[in-house]
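Encoded as structure tokens, the structure appears first; notes follow it.
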Amino acid sequence: MAHTTKTFSDDLTGWRYLTQPRRSRPALRENKSVKFVVVGAGFTGLSAARELAAMCPDDEVLLLDARTLSAGASGRNAGFAVGVSQFGGPVTEERVAECKRINRLNHEGLALLRAAASPESNSDWWQESGYHYLAADTPSARESEHFINSLRNFRLPYRALNRSDIERELGTSHYDCGVHVPLGALVQPADLLYRLVDRLPENVRFFENTPVEQIQQGALGIDLMLSTGHTVQTQQLVLACNYEMPGLGFLRNRIVATTLSGSFTRPLTDEEMASMGTCPSWGVLGLHGGGATVRLSKDRRLMLRNCVSYNGGQLLTPKQLQQQVPKHRERMLKRFPQLESVPIEHSWSGCEGVSRNMTSFFGQYAPNVFAAAGYNGSGLSRGTALGTALARLMLGGDDQLIKDASGFAEAKWLPPRPLLDLGAAWSLRQRFAGVGEDI
Ligand SMILES: Cc1cc2nc3c(=O)[nH]c(=O)nc-3n(C[C@H](O)[C@H](O)[C@H](O)COP(=O)(O)OP(=O)(O)OC[C@H]3O[C@@H](n4cnc5c(N)ncnc54)[C@H](O)[C@@H]3O)c2cc1C
């Protein structure tokens, strides 16, 4: 079986930089034999571990991560835990069943996440008042119409927005039209992860800085070799390692990472906030697939994420990140020229797991080895839903969540490098085609 000697980058950028430092848990430094192991402590792995532990309260669940909590994609995203997806293009009759399945997963994932985190009302790290999906150019304005039609047909709540609504609510005249959807939470991803870990059932034992280097089928179960030099033997294994799964011999040539980057300003002053519209904090998703994601956080920082590249599954180096910052700032000022004097305080990058045909992975991949991964930009809700479904599937369950999670198309084959680099460059060009003012 595969052996990974990869080093796991663990820089302090992203949402963890913007919150209270946390003391990490120690690495696993002993041999163990347990019934369940979950590898990866992002939203997928936390959800699987939580469900396994709740369903088998007498068994120990070992949760291992190569990095410290929040250093992976789950701590580096834009913080939109969606309740509804925007599907792109008209939702024609033949797409209806598939779109409903995805929305059931979104709803369920959001509900599971809320139940696990149990946020206080008016919490700083969880606001559940939905998002603005906005259009600043002609192709995205068409998407706005398609989205509104699908929301109406699915009988989901929404509010159509024109330019003056948007200007009044957000303080920008950049966008032409859009829609506000109330189903969805805006989260501070690092704080949410910390909360989820603190609330794990007692029979989950979590070890950070514990890379799994090799997995093999042994005589008595599955053997995991750790970089700490120790071995774990288990009866059932969940792999929740996102785009790093191929390093352990799974999803090879099926999943790849693109690297995204964005920046935050310093917190806005009272005077600057007065120019920002009536919503005290909000999130904007672009209606074009290559459009920028923008937020005004509860602590008054403006955030914009608009750059995507293929970087071999790595975060950007400090130098590469610095080169992107002017692109973040230019597009912030395009939307909010009144913030000309507000400096960028912090920038970060993160890797998103994608497949060639934008499908997700879920199911059993070897005897007693189960995995879920690859949600493109919607892993908070979907990862949570699929993690829970995976635990239930492992334990022999058969419910609607498992059925919905099992409905993804097979991923198309991805060529190895250097062909992969050419293919990735082409896909990114496609993603940004026609993005215009939405970038
Ligand atoms: C910039 C950016 C913005 C995004 N915005 C959003 C958004 O707004 N909303 C949304 O829903 N999604 C968003 N996403 C996507 C979302 O973050 C991911 O889909 C989701 O976090 C994936 O969760 P996961 O648990 O499957 O994987 P991850 O969070 O990547 O967790 C996998 C874990 O496995 C660990 N691991 C890997 N290999 C090993 C090993 N060999 N041994 C031990 N541990 C290992 C890693 O350290 C990592 O912690 C965004 C992503 C990025 C990068």
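Brief remarks follow.
- Only one residue of N122, S281, I344 has its Cα farthest out toward the positive end of the dipole of the chain, where Lys and Arg carry +1 and Asp and Glu -1 on Cβ, and that residue is I344.
- Between the stretch 239-291 and the stretch 380-418, the Cα center-to-center distance that results, in Å: 22 Å
- Shown here are the Rg and Dmax of the Cα trace of the stretch 43-159, at 17.8, 57 Å.
- Each Cα pair under 8 Å and six or more residues apart adds its sequence gap; the mean of these over the residue count of the chain is a relative contact order of 24 percent.
- Principal semi-axes of the equivalent ellipsoid, √(5λ) from the alpha carbon gyration tensor of the stretch 327-374, are 42, 12, 7 Å from largest down.
- Cα-centre dipole for the stretch 194-308 with unit charges at Cβ (Lys and Arg positive, Asp and Glu negative), debye to 20: 280 debye
- A simple charge model with +1 on the Cβ of Lys and Arg, -1 on the Cβ of Asp and Glu and nothing else charged puts the dipole of the stretch 322-364 at about 180 debye relative to its Cα centre.
- Heavy-atom surface analysis with a 1.4 Å probe gives the stretch 207-363 a carbon and sulfur content of 50 percent of its accessible area.
- Modelled label positions at K334 and N376, each set 7 Å beyond Cα in the direction of Cβ, lie 2.1 nm from each other.
- The label point for K6 and the one for M55, both projected 7 Å from the Cα toward the Cβ, are 2.7 nm apart.
- Straightening the chain between Q364 and A97 buys 93.7 nm, computed as 0.36 nm per residue apart minus the Cα-Cα spacing.
- Note on the chain: Lys pairs 8 or more places apart or on different chains, Cα atoms under 24 Å apart, count 8.
- Solvent-accessible area per residue for the stretch 163-241 (1.4 angstrom probe, square angstrom): 35 Å²
- Taking the stretch 1-133 and dividing mean pair separation by its residue count, relative contact order in percent (alpha carbons under 8 Å, at least six apart): 21 percent
- Here the Karplus relation 6.51 cos²θ - 1.76 cosθ + 1.60, evaluated at θ = phi - 60°, turns the backbone of the stretch 280-288 into coupling constants of x, 8, 7, x, 10, 9, x, 7, 8 Hz, with x for every Gly and Pro.
- FRET E, pair S341, N122, Förster distance 25 Å, beta-carbon r, rounded to 0.05: 0.25
- Of all DSSP-defined beta bridges confined to the chain, some 70% are antiparallel rather than parallel.
- Neighbourhood net charge (11 Å Cβ-Cβ; Lys/Arg +1, Asp/Glu -1) for Q338: -2
- Cα gyration tensor category, rounded, prolate or oblate, for the stretch 16-63 with a/c compared to 1.5: oblate
- Percent RCO, i.e. relative contact order, over the stretch 281-335, from Cα pairs under 8 Å lying at least 6 residues apart: 24 percent
- Here the chain is described by how far its Cα atoms reach on the three principal axes: 67, 48, 47 Å, from widest to narrowest.
The values are calculated or read from the model by the stated rules, or taken from the named source; none is laboratory data. This is a predicted model, so every value here is computed, not measured. FYI the Cβ positions are ideal-geometry reconstructions off the backbone, even for glycines, and counts take in every protein chain you see. These accessible areas exclude ligands, DNA and RNA; they are computed on the full protein's heavy atoms, side chains included. Shrake-Rupley method; radii C 1.70, N 1.55, O 1.52, S 1.80 Å.
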